[in-house]
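The values are calculated or read from the model by the stated rules, or taken from the named source; none is laboratory data. Small disclaimer: the values here were computed from a predicted structure and weren't measured. Here the Cβ positions follow ideal geometry from the backbone for every residue, glycine too, while neighbour counts run over all protein chains shown. Quick note on the areas: whole protein, heavy atoms, side chains included, nothing else; ligands and nucleic acids left out. Shrake-Rupley method; radii C 1.70, N 1.55, O 1.52, S 1.80 Å.
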Amino acid sequence: MAASEPTAIAPALLICCSALLREILDFCKLNQWSHYEIQTITAELHNRPEKIPAAVKQLIDVGKQRGQQIFVGYADCGTGGLLDALLERENVERLPGAHCYEFYAGSRQFADFQEQQLGTFYLTDFLVRHFDRLVIRGLGLDRKPELLPVYFGNYRKLLYLAQSDDPKLQQQAQQAAVKLGLEYQYQYSGSGGLGHALSAFNQKIPMQLVQ
């Protein structure tokens, strides 16, 4: 009787916002992690956060059908606890924090930012690159610039939390601050707690898959 074939183990599934894709791919490459399947959800849903849980649920369902171990590369991201409620039911972990700004800056540093200046609008590398698409056009400010004080009237400062030391992105972030009529501030954060969260999840992956 022929020996049975060993059962293949499905790759772990990382479901993430496209705003984090570059940093997640860089971290996986740095650590030579080839045992992940990465599925992204458009960052445009940050303008409609109530739709994030359903989009995540759809990908979770597919991953569970394939027998994959699943991790979600989202913070709460404005869902008002709806994402956490979903993930608790599904027994799936996510990144810590209320949003990507918090885990990039670190919870303590972010709390300091909030205490120092209420009314701060945050940008990351991704949001700087896609500022016009996600902020200007995404909020309809290209068509109705009179809405600018409606959206940003309570903001005083734009803080660019940078994942890279890129002078071109710094210049673009300064231009974004000018467009919004906000004071500009720069803070290099790197990947912040993103790498730590991914490493913690990676320790739970079956060893035969990691190898």
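Can you tally the net charge around Pro53? Count Lys and Arg as +1, Asp and Glu as -1, for every other residue whose Cβ sits under 14 Å from the Cβ of Pro53. Don't skip to the answer; put the middle values down first.
Working: positive: Arg48, Lys51, Lys57, Arg89, Arg94; negative: Glu50, Asp61, Asp76, Asp84, Glu88, Glu90.
Value of the local net charge: -1.
Averaging sequence separations of C-alpha pairs under 8 Å and six or more residues apart, then dividing by the length of the stretch 40-88, give the relative contact order as a whole percent.
On the way: 26 pairs, mean separation 21.0, N = 49.
Contact order relative to length: 43 percent.
Sequentially through the stretch 152-164, phi angles give Karplus couplings (6.51, -1.76, 1.60; θ = phi - 60°) of 10, x, 8, 8, 10, 9, 10, 10, 8, 8, 8, 8, 9 Hz, Gly and Pro residues having no value and appearing as x. Taking Cα Rg over 2.2 N^0.38 Å as the quantity of interest, determine which of (1) 0.98; (2) 1.03; (3) 1.14 was computed from the displayed structure. This structure yields the entry labelled (3). Based on protein heavy atoms only, the stretch 139-211 ends up with 59 Å² per residue of surface accessible to a 1.4 Å probe. Working note: 222 nm ellipticity from helices only, DSSP H runs with n ≥ 4, each -39,500 (n - 2.57), summed and divided by the residues of the chain, gives -11500 deg cm²/dmol to the nearest 500. The GluC sites (Glu not before Pro) of the stretch 46-107 include none that meets both criteria, a DSSP state outside H, G, I, E and B (loop) and at most 14 other C-beta atoms within 10 angstrom of the site's C-beta.
Cβ neighbours within 10 Å, averaged per peptide: list 112-120, 150-158 in order, most packed at the top.
Highest to lowest by the protection proxy: 150-158, 112-120.
Relative contact order for the stretch 1-158: 20 percent, from Cα pairs under 8 Å spaced at least 6 residues apart, divided by residue count.
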